[in-house]
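Reading through the structure tokens given below for one structure.
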Amino acid sequence: MDTRLKEDHFTLFRYVSLAFKNLRRRMVRTALTISGVGLAVAMAVSLGGFVMGYQGAINRSIDMLGFQVMIMAKGCPYEAATLMLKGGTGLMYLPGDTYEKVKNDPDIESITPIFVGIALKEGTAKDSEKTFTIINGIDVPSFLSMKPWLKFQSGSGRWFSPQSPDEVVLGSEVAAFEHRQVGDSFEANITPYGKTEAVHHQLKVVGILAQAGTQDDGTVFMPLDSARSAFNRPRQLTILGLKLKQFNAATMRDFENKWLKLPEVQVVSLQQVKTTLISLVATAQTMIAAVAVIAVIVALIGVINTILMSVYERTGEIGIMKAIGARRGDIFQLIWLETLVICLFGSVIGSIFAWFGSGLVEKAIRSLADFGVSGSIVLITPGVVGYAILGSAVLGFFAGLYPAWRAASMRPVESIREGA
Amino acid sequence: MKTPLIEARGLKRHYHRGSETVKALDGVDFSIHSGEMVSVLGPSGSGKTTLINLLSCLDAPTEGTMTVAGKSVTGLSEDQLVEVRRGVLGFVFQQFHLLPTLTVMENVELPLTFLGLKPHPQRTKEVLKLVGLLDRASHLPKELSGGQMQRVAIARALMIEPKILVADEPTGNLDKATGESIFGLFKELTQKGLAIIITTHNMAFGYEADRVVTLEDGRILKEEKRA
């Protein structure tokens, strides 16, 4: 039998194995430290998911409006944009002749007039309650030129014709909530402008749209003139949606200057709306980020404390290791690996929790504020998780430096004596 | 005449405690050859542990010269002393300092990790057989008696095939019978060519060595060669 000792090419593996076994020594303490790291990482991952998810949701929701530019009544443009994204009250209307004035502008590629009204809904799934429904009066050909992706659910109908005043098309969420099929009736109470009593309308469902993941899912569509008539605003519009032939900052500025001459009108670029909405939420994100950073710092201090305690408890052992041949670098590597193992385990566990808990996080965030977009606003991607794990490794690298240096600097004679 | 494995001349180790200089060791000559067991005796504070730390390159002398396995270690830094120790010196201490989460076998193989050598189960078993613990290979330290733990520490020291075994109070925590068996094992090892330096308070054990060096106040009081 050959009993000669041979060079080992897997020393790193041996050190990792040794680090694991050392951490097992104080299981509760190690588990608590890993939990601390996990909690901090879960917060960081959720924040990352929120930043990415919200930006994606804003971009998606605004892109799915189909316009580049909106012309609307003067007021807060962002409130108006939010209204278009998710509905609401406090609607303002364009003067009746705005459409005629604007539609022949040579810079416009396409234009669609939209009337938005809020109806009181009765006969819902919960009969005892009354709900509000957003009604969009639209001109179908121009509206579809902006949103060519709108399709009906399989075998679920057609668009209404302008001559059919009592026909409606339902967004998928409305249809599901109301349990309506094509051919069913849809009842709504609409208070005409200038009146105090609502008028009951029995409308006919002629189509149900496939899910688009946008505000359209929660909207009831009517012919433009029918909607305006029902709300007793026969010549008014809420929004003109536009696409320009050439859309860039310069053409947008020129277009805006051109139509600012209309006294009651404002021109809003949806790109500006995107930027502003994102920057508004960035404040909240910054606050959450600050909390996440504090959590990470606390977790790191916990890691450093745990490893330092572990180093001091093992003073004698470290002395023996040095006596039996461990170099400074070997001890440094061992302690540093223990820190890294804690941070990596914590980051993986935190990422898993964040991944599976993203639904809860989204609910919690939505309960704090109205973010004005449909679809998921917390999007935890493999990229976010990857960055979190990489970040934890980097933090683990730095957190491990001091304890590892302390351990590596121990002199064997003193260590063995102190550890006795 | 054979070259000694360790040869030290005029070793001094002085410490500063405030304005006071403590002469823990004050001019000691020492040598040991292969297959020889030397015990260092003396009362507490006589300099036994200081001497053994210097001889085993765990500490550097304030003055004096020393060669270990033919290499001069005079003036070497702590990092350079590690390189001298690696593979040449094995250690056994009064406190065993076994890693509690490693099995007996893993504890014995630990020095190989630090020397960048592959685990060698067959050799580990041979070493464990030598110290009489082959049947405890998969046990954890907490499942062993004090004597068994000291044997594991001896096996750990022997695993790297050292030329010199340094044992500082190896029987300090053991009962008489266990201490005798450890000394019996040391004698066997010297017959295989291992040089052993031992410090002990136990005169009976100490006088079982080939040579006995007695220290007092950091100096050699007497040196006796046993038959």
Item to check | Scaled radius of gyration (Cα, divided by 2.2 N^0.38 Å) that the protein assembly as shown gives | outcome: 1.61
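Express the carbon and sulfur contribution to the solvent-accessible surface of chain B as a percent, rounded to the nearest whole number, probe 1.4 angstrom.
Numbers: 4620 of 9440 Å².
That share works out to 49 percent.
Can you give the extra length, in nm with one decimal, that the chain gains between A:PHE10 and A:ARG60 once fully stretched, where that is 0.36 nm per residue apart less the Cα-Cα distance? List each step's numbers first, then the result.
Values: separation 50, 0.36 × 50 = 18.00 nm, distance 4.97 nm.
Full-extension gain reported as 13.0 nm.
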Checklist outcome for this item: Taking placed amide H atoms and a strict 5 Å upper bound, the residues 5 or more places from A:GLU187 or on another chain that come that close are A:LEU203
Next on the checklist: How large are Rg and Dmax for segment A:310-420 when calculated on the C-alpha trace, in angstrom?
Outcome noted: 21.2, 67
Checklist entry - So which GluC sites (Glu not before Pro) in segment A:125-205 end up in coil per DSSP with only 15 or fewer other C-beta atoms within 10 Å? => result A:GLU129, A:GLU197
Next on the checklist: Classify segment A:104-249 from the C-alpha gyration tensor, please: rounded if a/c falls under 1.5, else prolate or oblate depending on whether a/b exceeds b/c.
Outcome noted: oblate
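Using only DSSP helix segments of four residues or longer, with each worth -39500 (n - 2.57), what per-residue ellipticity at 222 nm results for chain A after dividing by its residue count and rounding to 500? Don't skip to the end; give the middle numbers.
Numbers: 14 runs with 226 residues, N = 420.
Estimated from H runs of four or more residues: -18000 deg cm²/dmol.
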Checklist entry - Whole-Hz Karplus ³J(HN,Hα) for segment A:200-215, in order, using 6.51 cos²θ - 1.76 cosθ + 1.60 and θ = phi - 60°, x for Gly and Pro? => result 7, 10, 10, 10, 10, 7, 10, x, 10, 6, 5, 4, 10, x, 10, 4
Checklist outcome for this item: The answer for chymotrypsin sites (Phe, Trp or Tyr not before Pro) in segment A:164-195 that fall in a DSSP coil and have at most 15 neighbouring Cβ atoms within 10 Å is A:TYR193
Item to check | Computed label-point distance, nm, for sites A:ALA282 and A:LEU344 using a 7 Å Cα→Cβ extension | outcome: 3.6 nm
Checklist outcome for this item: Taking trypsin sites (Lys or Arg not before Pro) as exposed when in a DSSP loop with at most 14 other Cβ atoms inside 10 Å, chain B has its longest clean stretch at B:3-191
Item to check | 18 Å reach of a label modelled at A:SER17, 7 Å along Cα-to-Cβ, counting backbone N of segment B:144-188 | outcome: B:156, B:159-160
Checklist entry - Mind listing the Cα extents of segment A:222-323 along all three principal axes, in Å, largest one first? => result 92, 37, 22
Checklist entry - Considering amide H positions built from the backbone, and no H for Pro or chain starts, which residues 5 or more places from B:THR62, or on another chain, come under 5 Å of its amide H? => result B:LYS12, B:ARG13, B:HIS14
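Which FRET efficiency value, to the nearest 0.05, is calculated for A:GLN211 and A:ILE297 with the Förster distance at 35 angstrom and r the Cβ-Cβ distance? Walk me through the intermediate numbers first.
Working: r = 43 Å, r/R0 = 1.22.
In this case the efficiency is close to 0.25.
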Checklist outcome for this item: Between chains A and B, total accessible area buried, probe 1.4 Å, no ligands or nucleic acids, nearest 100 Å², roughly 3400 Å²
Item to check | Inter-probe distance in nm under a simple model that places probes 7 Å from Cα toward Cβ, at B:ARG9 and A:ARG180 | outcome: 10.8 nm
Checklist outcome for this item: For the protein assembly as shown, whose charge dipole is built from +1 on Lys and Arg Cβ atoms and -1 on Asp and Glu Cβ atoms, the candidate among A:LEU203, A:PRO95, B:GLY147 with its Cα farthest towards the positive end is B:GLY147
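How many partner chain Cβ atoms sit within 10 Å of a residue's Cβ in peptide B:90-102, on average, as a whole number?
Numbers: counts 3, 8, 2, 8, 2, 8, 2, 14, 2, 8, 6, 7, 4.
For this peptide, the per-residue mean of nearby foreign Cβ atoms is 6.
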Checklist outcome for this item: Any DSSP H helix in chain A with Cα axial reach of 27 Å or more and mean Kyte-Doolittle score of at least -0.5? Listed by number, the hits are A:27-63, A:270-313, A:328-356, A:382-409
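When a/c is below 1.5 the answer is rounded, else prolate if a/b is larger than b/c, else oblate, so apply that to segment B:140-209 with a ≥ b ≥ c taken from the square roots of the Cα gyration tensor eigenvalues. Numbers along the way, then the final one.
Numbers: a/c = 1.90, a/b = 1.09, b/c = 1.75.
Cα axes put segment B:140-209 in the oblate bin.
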Checklist entry - Given q = 0.11, 0.12, 0.20 Å⁻¹, what are the Debye log10 I(q)/I(0) values for segment B:14-126, with equal point scatterers placed on the Cα positions and solvent ignored? => result -0.49, -0.58, -1.24
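Dipole magnitude of the protein assembly as shown about its Cα centre, charges +1 at Lys/Arg Cβ and -1 at Asp/Glu Cβ only, in debye to the nearest 20?
Numbers: 67 positive and 62 negative charges, 211 e Å.
Result for the protein assembly as shown is approximately 1020 debye, rounded to the nearest 20.
The values are calculated or read from the model by the stated rules, or taken from the named source; none is laboratory data. All values derive from a computational prediction rather than experimental measurement. Glycine gets a Cβ as well: all are built from the backbone with ideal geometry, and neighbour counts include every protein chain shown. We work out accessible area using only protein heavy atoms, side chains counted, and drop any ligands, DNA or RNA first. Shrake-Rupley method; radii C 1.70, N 1.55, O 1.52, S 1.80 Å.
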